[in-house]
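J.: One structure coming up, written as structure tokens, with questions to follow.
The values are calculated or read from the model by the stated rules, or taken from the named source; none is laboratory data. Predicted model, so just to flag it, every value in this text is computed and none were measured. A quick note on method: Cβ atoms are made from the backbone with ideal geometry, for glycine too, and the neighbour counts reach across all protein chains shown. In case anyone asks, the SASA skips ligands and DNA or RNA and just uses the protein heavy atoms, side chains included. Shrake-Rupley method; radii C 1.70, N 1.55, O 1.52, S 1.80 Å.
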Amino acid sequence: MIDMLRSLWAYRYFILSSIRNDLRMRFIRSKLGALWMIIHPLMQVLIFATILSEVLSAKMPGVENKYGYALYLMAGTLCWSMFSETVSKCVNLFVDNGNLMKKMAFPRICLPFIAAGTMLVNNLLLLVAIFAVFAVMGHFPEGQVLWLPALMLLTLGFAMSIGLLLGVFNVFMRDISQVVPVVLQALFWLTPIVYNVSILPEAAREAFKLNPLYPLVTSYQQVLLYNQPPVWADLLPMAVATLVLLIASLIVFRKASPEMVDAL
């Protein structure tokens, strides 16, 4: 573990330049550049908000703004996009970079951190776009929004721990990359992003709260929409679990690393 940390520090400039090149290639190859990073999640918000808020007259409890439902959706989408995109990218990370791993000599642990840096920049761009939309809708988050960096890092760490583990397994069992999108789609609807758990029956409400993403998404909504602090009672155990899972995924990666290139 210490050797991996030393490798990350020694190759820090390689990681930073790779993140920059990855983002620049996205911008060069597309006329809209960075806008594509935020168009997809914002379009999803627009569709759900239009159908559920306008057509079905869905209202958010405790929100007086007439665009309350759209605001609620954007807060949850910010968390979900970070989690789902990071997991999806990490699952195919080593398979997609197989040729690079065979041709270049560099610590393989750099790849997950390059992916993490890219996802973090993407999410920050989405955050800026969401703040702009909030301003247009007349909603201005207050002091509790300062908790957002901690929430974003926790979301990224949780997604990375899962994604790294699945990415290693996917090298040896390619079916994993086919299963993950299905699981993510189901998890999306089991997470209170397009609905509030208050509309569910009591028994179902308690079951939905077992979802590990529930405290994260709820905390985003608390700080961005309701100006309330994150739900620390649920987040602290999750942070500990994320740390344990991240260490476990790094151990699995270290042990599997010598065989990964041959499997690719």
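J.: Take Arg20, Arg174, Arg26 and sort them by solvent-accessible surface of the protein heavy atoms, 1.4 Å probe, largest at the top.
T.: Working: Arg20 140, Arg174 105, Arg26 80 Å².
Heavy-atom accessible area, descending, gives Arg20, Arg174, Arg26.
J.: Let me ask another. Let me check something: with ligands and nucleic acids excluded, how do Ile19, Ile47 order by accessible area (1.4 Å probe), largest to smallest?
T.: Order by accessible area, largest first: Ile47, Ile19.
J.: Identify, among Leu165, Met101, Val179, the residue whose Cα sits farthest towards the positive end of the charge dipole of the chain, taking +1 on the Cβ of Lys and Arg and -1 on the Cβ of Asp and Glu, with the dipole about the Cα centre.
T.: Checking the options against the dipole of the chain, the answer is Met101.
J.: Could you work out the relative contact order of the chain, using alpha carbon pairs under 8 angstrom and six or more residues apart, expressed as a whole percent?
T.: On the way: 262 pairs, mean separation 71.1, N = 264.
Once normalised by length, the contact order is 27 percent.
J.: In degrees, nearest 10, range 0 to 90: what is the angle between the Cα axis of helix 68-91 and the longest Cα principal axis of the chain?
T.: 10
J.: Continuing with this model, one more query. Given axes a ≥ b ≥ c from the Cα gyration tensor, I'd like to know whether the stretch 85-131 is rounded (a/c under 1.5), prolate (a/b larger than b/c) or oblate. Don't skip to the end; give the middle numbers.
T.: Working: a/c = 3.71, a/b = 2.51, b/c = 1.48.
Here the stretch 85-131 falls in the prolate category.
J.: Ok, one more. Quick one: which of 5-11, 198-204 comes out on top by average Cβ neighbours within 10 Å, and what's the full order, highest first?
T.: Values: 5-11: 13.1, 198-204: 10.0.
Per-residue Cβ counts within 10 Å, averaged per peptide and sorted highest first, yield 5-11, 198-204.
J.: Using a Förster distance of 22 Å, how high is the FRET efficiency between Lys102 and Leu124, based on the Cβ-Cβ distance and rounded to 0.05? Walk me through the intermediate numbers first.
T.: Values: r = 33 Å, r/R0 = 1.49.
Working from the Cβ atoms, E equals 0.10.
J.: If Lys and Arg each add +1 and Asp and Glu each add -1, what is the summed charge of the other residues whose beta carbon sits under 14 Å from the beta carbon of Leu156?
T.: On the way: positive: Lys89; negative: Glu85.
Computed value for this residue: 0.
J.: Also, quick follow-up: Suppose every K and R has +1 on its Cβ and every D and E has -1 on its Cβ; what is the size of the dipole of the chain about the Cα centre, in Debye to the nearest 20? Before the final figure, lay out each step's value.
T.: Values: 18 positive and 13 negative charges, 176 e Å.
So the magnitude is around 840 debye.
J.: Could you compute how much accessible surface Glu142 exposes when probed at 1.4 Å, giving the result in Å² to the nearest 10?
T.: Answer for Glu142: close to 110 Å² accessible.
J.: So, one more: Whenever you get a sec, compute what percent of the accessible area on the chain sits on carbon and sulfur atoms (1.4 Å probe). Write down the numbers at each step before the final one.
T.: Numbers: 9280 of 13740 Å².
Of all accessible area on the chain, carbon and sulfur atoms account for 68 percent.
J.: Turning to a different aspect of this structure: Let me know the charge dipole size of the stretch 88-187 about its Cα centre in debye, to the nearest 20, where only the beta-carbon of Lys, Arg (+1) and Asp, Glu (-1) is charged.
T.: On the way: 5 positive and 3 negative charges, 86 e Å.
Around 420 debye, computed over the stretch 88-187.
J.: Over the stretch 156-264, what relative contact order in percent results from Cα pairs under 8 Å that are six or more residues apart?
T.: Values: 66 pairs, mean separation 47.2, N = 109.
Reported as a whole number, the value is 43 percent.
J.: Give me the 1.4 Å probe accessible area per residue for the chain, excluding ligands and nucleic acids, in Å². The partial results should precede the final answer.
T.: On the way: 13740 Å² over 264 residues.
About 52 Å² of surface per residue is accessible.
J.: State the answer as a single residue: which of Leu200, Gly138, Val87 lies farthest towards the positive end of the charge dipole of the chain, with beta carbon charges of +1 for Lys and Arg and -1 for Asp and Glu, about the Cα centre.
T.: Checked the options; the winner is Val87.
J.: With all protein chains present and a 1.4 Å probe, how do Ile109, Ile176 order by accessible area, largest first?
T.: Details: Ile109 5, Ile176 30 Å².
Largest to smallest exposure gives the sequence Ile176, Ile109.
J.: Say each of Leu236 and Phe140 gets a label point 7 Å from the Cα, pointing the same way as Cα to Cβ; how far apart are those two points in nm?
T.: Each label point is offset 7 Å from its Cα along the Cβ direction, giving 3.4 nm.
J.: If you don't mind, there's one more thing I want to ask. Is the C-alpha gyration tensor of the stretch 105-233 telling us rounded, prolate or oblate? Criteria: a/c under 1.5 is rounded; beyond that, a/b larger than b/c is prolate, otherwise oblate.
T.: Working: a/c = 2.24, a/b = 1.33, b/c = 1.69.
Since a/c reaches 1.5 but b/c is at least a/b, the shape of the stretch 105-233 is classed as oblate.
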